[in-house]
1. Which of GLN50, GLN164, GLN121 ends up with the largest GNM mean-square fluctuation for the chain, with Cα atoms connected below 10 Å?
2. What does the net charge come to around ARG330 if you take all other residues with beta carbon closer than 11 Å to its beta carbon, with K and R at +1 and D and E at -1?
3. For helix 258-270, report the angle its Cα long axis makes with the longest principal axis of the Cα atoms of the chain; keep it between 0 and 90° and round to the nearest 10°.
4. So how exposed is VAL122, as accessible area in Å² (1.4 Å probe, rounded to 10)?
5. Give me the extension gain from GLN287 to GLU179: residue separation times 0.36 nm, minus the current Cα-Cα distance, reported in nm with one decimal.
6. How far apart, in nanometres, would the label points at ASP313 and ILE188 be if each is projected 7 angstrom from Cα along the Cα-to-Cβ direction?
7. Need one number: nm distance between label points at LYS61 and LEU8, each 7 Å from Cα along Cα→Cβ, rounded to one decimal.
8. Over region 217-297, average the accessible area per residue using a 1.4 Å probe and give it in Å², no decimals.
Amino acid sequence: MQDEYSDLPVILTGDRTTGPLHLGHYAGSLRNRAVLQHTHRQFLLLADLQALTDNAHDPEKVRRNVLEVAFDYLAVGIDPSLTTICVQSALPALSELTMLYMNFVTVARLERNPTIKTEIQVRGFGRDIPAGFLCYPVSQAADITAFKATLVPVGEDQAPLIEQTNEIVRRLNRQVERELLPEAEAMIPKIGRLPGIDGKAKMSKSLGNAIPLSASSDEIRNAVHQMYTDPKHLRAADPGVVEGNVVFTYLDAFCEDVDMVDNLKERYRRGGLGDMVVKRELNDVLQALIAPIRERRARYAADPAYVMSVLKDGTSRARERTQNTLDEVRRALGLFEL
Ligand code: TRP
(Lines give C-alpha, C1' and ligand atoms only; values in the text may rest on other atoms or scores of the structure.)
Protein backbone atom coordinates (compact mmCIF):
# COMPACT_ATOMS: atom_id res chain seq x y z
CA MET A 1 0.00 0.00 0.00
CA GLN A 2 1.43 3.36 -1.01
CA ASP A 3 1.16 5.85 1.76
CA GLU A 4 -0.74 9.08 1.44
CA TYR A 5 2.37 11.25 1.65
CA SER A 6 4.68 9.42 -0.73
CA ASP A 7 6.40 11.79 -3.12
CA LEU A 8 5.46 10.03 -6.34
CA PRO A 9 3.89 12.37 -8.91
CA VAL A 10 0.15 12.57 -8.36
CA ILE A 11 -2.33 11.58 -11.06
CA LEU A 12 -6.02 12.24 -11.02
CA THR A 13 -8.40 11.23 -13.72
CA GLY A 14 -11.96 10.07 -13.85
CA ASP A 15 -14.96 8.99 -15.82
CA ARG A 16 -18.53 10.15 -15.91
CA THR A 17 -20.72 7.35 -14.68
CA THR A 18 -23.18 7.24 -17.56
CA GLY A 19 -22.57 3.68 -18.76
CA PRO A 20 -20.15 0.77 -18.68
CA LEU A 21 -16.83 1.46 -20.37
CA HIS A 22 -15.84 0.15 -23.79
CA LEU A 23 -12.84 -0.66 -25.92
CA GLY A 24 -12.34 3.02 -26.77
CA HIS A 25 -11.84 3.79 -23.08
CA TYR A 26 -9.51 0.84 -22.82
CA ALA A 27 -7.30 1.96 -25.72
CA GLY A 28 -7.38 5.63 -24.76
CA SER A 29 -6.85 5.41 -21.03
CA LEU A 30 -7.69 2.31 -19.02
CA ARG A 31 -4.72 0.22 -20.09
CA ASN A 32 -2.44 3.18 -19.44
CA ARG A 33 -3.78 3.60 -15.93
CA ALA A 34 -3.02 -0.02 -15.09
CA VAL A 35 0.62 0.75 -15.96
CA LEU A 36 0.84 4.22 -14.38
CA GLN A 37 -0.36 3.00 -11.00
CA HIS A 38 3.05 1.40 -10.46
CA THR A 39 4.99 4.63 -10.89
CA HIS A 40 2.52 7.28 -9.73
CA ARG A 41 0.21 8.02 -6.85
CA GLN A 42 -3.01 7.49 -8.79
CA PHE A 43 -6.54 8.58 -7.91
CA LEU A 44 -9.55 7.62 -10.03
CA LEU A 45 -12.75 9.56 -9.65
CA LEU A 46 -16.14 8.09 -10.42
CA ALA A 47 -17.56 11.40 -11.61
CA ASP A 48 -21.25 11.00 -10.83
CA LEU A 49 -21.82 14.69 -10.12
CA GLN A 50 -20.32 15.63 -13.46
CA ALA A 51 -22.48 12.94 -15.11
CA LEU A 52 -25.53 14.60 -13.59
CA THR A 53 -24.77 17.91 -15.33
CA ASP A 54 -26.31 16.56 -18.52
CA ASN A 55 -28.30 13.67 -17.08
CA ALA A 56 -30.44 15.36 -14.46
CA HIS A 57 -33.45 13.68 -16.10
CA ASP A 58 -32.03 10.26 -15.23
CA PRO A 59 -30.22 10.24 -11.87
CA GLU A 60 -30.95 6.52 -11.52
CA LYS A 61 -28.73 5.83 -14.55
CA VAL A 62 -25.93 7.89 -13.03
CA ARG A 63 -26.21 6.07 -9.69
CA ARG A 64 -26.36 2.59 -11.19
CA ASN A 65 -23.29 3.15 -13.32
CA VAL A 66 -21.01 4.06 -10.41
CA LEU A 67 -20.66 0.35 -9.69
CA GLU A 68 -20.57 -0.59 -13.38
CA VAL A 69 -17.57 1.66 -14.02
CA ALA A 70 -15.91 0.38 -10.84
CA PHE A 71 -16.31 -3.19 -12.17
CA ASP A 72 -14.60 -2.06 -15.38
CA TYR A 73 -11.68 -0.50 -13.48
CA LEU A 74 -11.05 -3.64 -11.48
CA ALA A 75 -11.54 -5.90 -14.50
CA VAL A 76 -8.78 -4.19 -16.50
CA GLY A 77 -6.32 -4.60 -13.64
CA ILE A 78 -6.58 -1.40 -11.67
CA ASP A 79 -5.41 -2.53 -8.27
CA PRO A 80 -7.07 -0.85 -5.27
CA SER A 81 -3.91 -1.31 -3.21
CA LEU A 82 -2.08 0.93 -5.71
CA THR A 83 -4.86 3.18 -7.02
CA THR A 84 -7.41 5.03 -4.89
CA ILE A 85 -10.87 4.72 -6.43
CA CYS A 86 -13.40 7.21 -5.08
CA VAL A 87 -16.91 8.56 -5.65
CA GLN A 88 -17.26 12.25 -6.51
CA SER A 89 -20.62 12.89 -4.85
CA ALA A 90 -19.30 11.48 -1.55
CA LEU A 91 -16.53 14.10 -1.44
CA PRO A 92 -18.19 17.32 -0.25
CA ALA A 93 -14.88 19.23 -0.40
CA LEU A 94 -15.07 19.03 -4.21
CA SER A 95 -18.40 20.85 -4.27
CA GLU A 96 -17.20 23.48 -1.82
CA LEU A 97 -14.09 24.15 -3.87
CA THR A 98 -16.25 24.41 -6.99
CA MET A 99 -18.32 27.08 -5.25
CA LEU A 100 -15.19 29.05 -4.36
CA TYR A 101 -13.56 28.68 -7.79
CA MET A 102 -16.75 29.85 -9.49
CA ASN A 103 -15.67 33.36 -8.44
CA PHE A 104 -12.39 33.09 -10.31
CA VAL A 105 -13.82 32.43 -13.75
CA THR A 106 -16.21 34.34 -15.99
CA VAL A 107 -19.27 33.07 -17.82
CA ALA A 108 -17.76 34.40 -21.05
CA ARG A 109 -14.65 32.29 -20.50
CA LEU A 110 -16.73 29.18 -19.85
CA GLU A 111 -18.77 29.79 -22.99
CA ARG A 112 -15.55 30.10 -24.99
CA ASN A 113 -14.15 26.78 -23.74
CA PRO A 114 -13.81 24.67 -26.93
CA THR A 115 -14.76 21.42 -25.17
CA ILE A 116 -17.92 22.96 -23.75
CA LYS A 117 -18.75 24.67 -27.05
CA THR A 118 -18.64 21.37 -28.95
CA GLU A 119 -20.54 19.52 -26.26
CA ILE A 120 -23.28 22.15 -26.20
CA GLN A 121 -23.62 21.74 -29.96
CA VAL A 122 -23.62 17.94 -29.86
CA ARG A 123 -26.28 17.91 -27.13
CA GLY A 124 -28.37 20.53 -28.91
CA PHE A 125 -28.80 22.65 -25.77
CA GLY A 126 -28.99 25.95 -27.66
CA ARG A 127 -29.44 28.62 -25.00
CA ASP A 128 -31.02 26.14 -22.58
CA ILE A 129 -27.76 24.99 -21.06
CA PRO A 130 -28.05 23.68 -17.51
CA ALA A 131 -25.90 26.03 -15.38
CA GLY A 132 -24.27 22.93 -13.88
CA PHE A 133 -23.18 21.85 -17.34
CA LEU A 134 -21.69 25.21 -18.26
CA CYS A 135 -19.80 25.15 -14.97
CA TYR A 136 -18.55 21.58 -15.01
CA PRO A 137 -15.06 22.72 -16.02
CA VAL A 138 -14.94 24.55 -12.69
CA SER A 139 -15.93 21.40 -10.89
CA GLN A 140 -13.28 19.50 -12.84
CA ALA A 141 -10.74 22.11 -11.73
CA ALA A 142 -11.86 21.39 -8.17
CA ASP A 143 -11.38 17.65 -8.74
CA ILE A 144 -7.87 18.08 -10.06
CA THR A 145 -6.64 20.61 -7.53
CA ALA A 146 -8.29 19.00 -4.50
CA PHE A 147 -6.02 16.02 -5.05
CA LYS A 148 -3.07 18.33 -5.87
CA ALA A 149 -2.65 16.34 -9.06
CA THR A 150 0.05 17.49 -11.45
CA LEU A 151 -0.69 14.96 -14.18
CA VAL A 152 -4.09 14.38 -15.71
CA PRO A 153 -4.35 11.61 -18.31
CA VAL A 154 -7.20 12.59 -20.61
CA GLY A 155 -8.19 12.45 -24.26
CA GLU A 156 -7.23 15.32 -26.54
CA ASP A 157 -10.76 16.74 -26.39
CA GLN A 158 -10.28 17.38 -22.66
CA ALA A 159 -7.10 19.46 -23.02
CA PRO A 160 -9.01 22.80 -22.85
CA LEU A 161 -10.37 21.71 -19.46
CA ILE A 162 -6.87 21.37 -18.06
CA GLU A 163 -6.00 24.79 -19.48
CA GLN A 164 -9.11 26.17 -17.79
CA THR A 165 -8.05 24.52 -14.52
CA ASN A 166 -4.63 26.15 -14.71
CA GLU A 167 -6.17 29.55 -15.32
CA ILE A 168 -8.20 29.16 -12.16
CA VAL A 169 -5.11 28.00 -10.28
CA ARG A 170 -3.09 31.02 -11.43
CA ARG A 171 -5.92 33.38 -10.66
CA LEU A 172 -6.32 31.96 -7.15
CA ASN A 173 -2.58 31.82 -6.47
CA ARG A 174 -2.32 35.46 -7.51
CA GLN A 175 -5.17 36.34 -5.17
CA VAL A 176 -3.50 34.70 -2.17
CA GLU A 177 0.00 35.80 -3.27
CA ARG A 178 1.62 32.38 -3.12
CA GLU A 179 1.83 29.04 -4.87
CA LEU A 180 -1.06 27.54 -2.98
CA LEU A 181 -2.11 25.11 -5.70
CA PRO A 182 0.04 23.39 -8.33
CA GLU A 183 -0.70 23.64 -12.03
CA ALA A 184 -1.49 20.40 -13.82
CA GLU A 185 -0.39 18.95 -17.09
CA ALA A 186 -2.60 16.99 -19.47
CA MET A 187 -1.17 13.60 -20.41
CA ILE A 188 -2.55 12.91 -23.86
CA PRO A 189 -2.13 9.39 -25.26
CA LYS A 190 -0.06 9.11 -28.41
CA ILE A 191 -2.50 6.85 -30.14
CA GLY A 192 -5.46 8.90 -31.27
CA ARG A 193 -9.05 8.25 -30.39
CA LEU A 194 -10.36 4.82 -31.32
CA PRO A 195 -13.09 5.11 -34.00
CA GLY A 196 -16.41 3.29 -33.69
CA ILE A 197 -16.92 0.02 -35.55
CA ASP A 198 -18.85 2.02 -38.18
CA GLY A 199 -15.82 4.21 -38.90
CA LYS A 200 -17.26 7.28 -37.16
CA ALA A 201 -14.63 9.31 -35.33
CA LYS A 202 -15.79 8.35 -31.88
CA MET A 203 -16.68 5.07 -30.24
CA SER A 204 -19.69 5.71 -28.09
CA LYS A 205 -22.37 3.61 -26.49
CA SER A 206 -25.06 6.10 -27.47
CA LEU A 207 -24.00 5.97 -31.13
CA GLY A 208 -24.35 2.16 -31.02
CA ASN A 209 -20.87 1.65 -32.47
CA ALA A 210 -19.05 0.50 -29.36
CA ILE A 211 -17.65 -2.81 -28.13
CA PRO A 212 -18.20 -2.98 -24.37
CA LEU A 213 -15.56 -4.51 -22.11
CA SER A 214 -18.15 -7.09 -21.11
CA ALA A 215 -18.86 -8.12 -24.73
CA SER A 216 -19.56 -11.83 -25.18
CA SER A 217 -17.65 -13.88 -27.69
CA ASP A 218 -20.58 -13.62 -30.13
CA GLU A 219 -20.90 -9.87 -29.68
CA ILE A 220 -17.22 -9.44 -30.47
CA ARG A 221 -17.53 -11.64 -33.57
CA ASN A 222 -20.60 -9.75 -34.80
CA ALA A 223 -18.96 -6.38 -34.18
CA VAL A 224 -15.89 -7.39 -36.17
CA HIS A 225 -18.08 -8.81 -38.90
CA GLN A 226 -19.98 -5.51 -39.28
CA MET A 227 -16.85 -3.41 -39.10
CA TYR A 228 -16.26 -0.65 -41.63
CA THR A 229 -13.40 -1.42 -44.03
CA ASP A 230 -12.67 0.08 -47.43
CA PRO A 231 -16.03 0.53 -49.17
CA LYS A 232 -14.35 0.32 -52.60
CA HIS A 233 -12.63 -2.98 -51.80
CA LEU A 234 -15.31 -5.25 -53.22
CA ARG A 235 -13.32 -8.26 -54.33
CA ALA A 236 -10.38 -9.85 -52.55
CA ALA A 237 -8.29 -9.47 -55.70
CA ASP A 238 -8.67 -5.63 -55.73
CA PRO A 239 -6.13 -3.38 -54.04
CA GLY A 240 -7.52 -1.98 -50.78
CA VAL A 241 -6.97 1.09 -48.63
CA VAL A 242 -5.63 0.69 -45.12
CA GLU A 243 -5.98 4.29 -43.92
CA GLY A 244 -9.35 4.88 -42.27
CA ASN A 245 -10.03 1.15 -42.50
CA VAL A 246 -11.29 0.38 -39.01
CA VAL A 247 -10.11 -3.24 -39.03
CA PHE A 248 -6.53 -2.07 -39.51
CA THR A 249 -6.92 0.79 -37.04
CA TYR A 250 -7.95 -1.75 -34.40
CA LEU A 251 -5.14 -4.13 -35.33
CA ASP A 252 -2.71 -1.24 -34.87
CA ALA A 253 -4.25 -0.45 -31.49
CA PHE A 254 -4.46 -3.98 -30.09
CA CYS A 255 -2.26 -6.44 -31.96
CA GLU A 256 1.19 -6.86 -30.46
CA ASP A 257 2.59 -8.61 -33.53
CA VAL A 258 3.47 -5.47 -35.50
CA ASP A 259 5.27 -7.39 -38.23
CA MET A 260 2.24 -9.53 -38.90
CA VAL A 261 0.05 -6.42 -39.17
CA ASP A 262 2.53 -4.75 -41.52
CA ASN A 263 2.53 -7.84 -43.66
CA LEU A 264 -1.28 -7.87 -43.82
CA LYS A 265 -1.32 -4.18 -44.74
CA GLU A 266 1.10 -4.72 -47.57
CA ARG A 267 -0.88 -7.62 -49.02
CA TYR A 268 -4.15 -5.72 -48.61
CA ARG A 269 -2.78 -2.69 -50.45
CA ARG A 270 -1.39 -4.83 -53.23
CA GLY A 271 -4.63 -6.73 -53.73
CA GLY A 272 -5.37 -10.38 -53.14
CA LEU A 273 -6.26 -10.18 -49.47
CA GLY A 274 -9.93 -10.32 -48.58
CA ASP A 275 -11.64 -8.44 -45.73
CA MET A 276 -12.66 -11.74 -44.18
CA VAL A 277 -9.08 -12.83 -43.62
CA VAL A 278 -8.12 -9.59 -41.90
CA LYS A 279 -11.29 -9.66 -39.84
CA ARG A 280 -10.51 -13.17 -38.68
CA GLU A 281 -7.13 -11.98 -37.39
CA LEU A 282 -8.72 -9.05 -35.58
CA ASN A 283 -11.39 -11.30 -34.12
CA ASP A 284 -8.68 -13.55 -32.64
CA VAL A 285 -6.87 -10.55 -31.16
CA LEU A 286 -10.02 -9.04 -29.61
CA GLN A 287 -11.29 -12.37 -28.27
CA ALA A 288 -7.96 -12.94 -26.52
CA LEU A 289 -7.91 -9.38 -25.16
CA ILE A 290 -11.49 -9.21 -23.90
CA ALA A 291 -12.05 -12.76 -22.56
CA PRO A 292 -10.00 -12.33 -19.36
CA ILE A 293 -11.43 -8.81 -18.79
CA ARG A 294 -14.97 -10.14 -19.23
CA GLU A 295 -14.32 -13.01 -16.83
CA ARG A 296 -12.79 -10.82 -14.14
CA ARG A 297 -15.61 -8.33 -14.58
CA ALA A 298 -18.22 -11.05 -14.09
CA ARG A 299 -16.48 -12.14 -10.89
CA TYR A 300 -16.53 -8.58 -9.46
CA ALA A 301 -20.12 -8.07 -10.57
CA ALA A 302 -21.04 -11.22 -8.64
CA ASP A 303 -19.49 -9.72 -5.50
CA PRO A 304 -20.76 -6.12 -5.25
CA ALA A 305 -20.14 -6.14 -1.48
CA TYR A 306 -16.40 -6.42 -2.12
CA VAL A 307 -16.51 -3.63 -4.71
CA MET A 308 -18.51 -1.45 -2.30
CA SER A 309 -15.80 -1.96 0.30
CA VAL A 310 -13.16 -0.85 -2.23
CA LEU A 311 -15.17 2.31 -2.95
CA LYS A 312 -15.78 3.04 0.73
CA ASP A 313 -12.14 2.63 1.58
CA GLY A 314 -10.90 4.71 -1.39
CA THR A 315 -13.48 7.42 -0.82
CA SER A 316 -12.64 7.77 2.86
CA ARG A 317 -8.95 8.26 2.02
CA ALA A 318 -9.87 10.72 -0.71
CA ARG A 319 -12.16 12.56 1.69
CA GLU A 320 -9.26 13.34 3.97
CA ARG A 321 -6.99 14.47 1.17
CA THR A 322 -9.58 16.72 -0.51
CA GLN A 323 -10.73 18.18 2.82
CA ASN A 324 -7.13 19.15 3.60
CA THR A 325 -6.92 21.09 0.34
CA LEU A 326 -10.25 22.77 0.99
CA ASP A 327 -9.07 23.82 4.47
CA GLU A 328 -5.91 25.33 2.96
CA VAL A 329 -7.90 27.26 0.36
CA ARG A 330 -10.40 28.52 2.94
CA ARG A 331 -7.58 29.66 5.21
CA ALA A 332 -5.65 31.29 2.37
CA LEU A 333 -8.71 33.23 1.28
CA GLY A 334 -9.33 34.17 4.89
CA LEU A 335 -12.91 32.94 5.06
CA PHE A 336 -14.74 33.48 8.32
CA GLU A 337 -13.88 30.83 10.86
CA LEU A 338 -16.34 29.79 13.52
N1 TRP B 1 -14.51 14.94 -17.89
C2 TRP B 1 -14.12 13.58 -17.76
C3 TRP B 1 -14.91 12.76 -18.79
O4 TRP B 1 -15.72 13.29 -19.49
C5 TRP B 1 -14.38 13.00 -16.39
C6 TRP B 1 -13.70 13.72 -15.27
C7 TRP B 1 -14.30 14.26 -14.18
C8 TRP B 1 -12.31 13.98 -15.14
N9 TRP B 1 -13.39 14.83 -13.36
C10 TRP B 1 -12.17 14.68 -13.90
C11 TRP B 1 -11.19 13.71 -15.91
C12 TRP B 1 -10.92 15.12 -13.46
C13 TRP B 1 -9.95 14.13 -15.46
C14 TRP B 1 -9.82 14.85 -14.25
O15 TRP B 1 -14.73 11.55 -18.86
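The values are calculated or read from the model by the stated rules, or taken from the named source; none is laboratory data. Only a predicted model underlies this, so the values are computations on that prediction, with no experimental measurement involved. A quick note on method: Cβ atoms are made from the backbone with ideal geometry, for glycine too, and the neighbour counts reach across all protein chains shown. These area figures cover heavy atoms from the full protein model, side chains too; ligands, DNA and RNA do not enter into them. Shrake-Rupley method; radii C 1.70, N 1.55, O 1.52, S 1.80 Å.
1. Sorting by GNM fluctuation, first place goes to GLN121.
2. Charge balance near ARG330 sits at -3.
3. 50
4. 120
5. So the chain would gain 33.9 nm between GLN287 and GLU179.
6. Taking the two extended label points, one gets 3.7 nm.
7. It works out to 3.5 nm between the two label points.
8. Value returned for region 217-297: 55 Å² of accessible area per residue.
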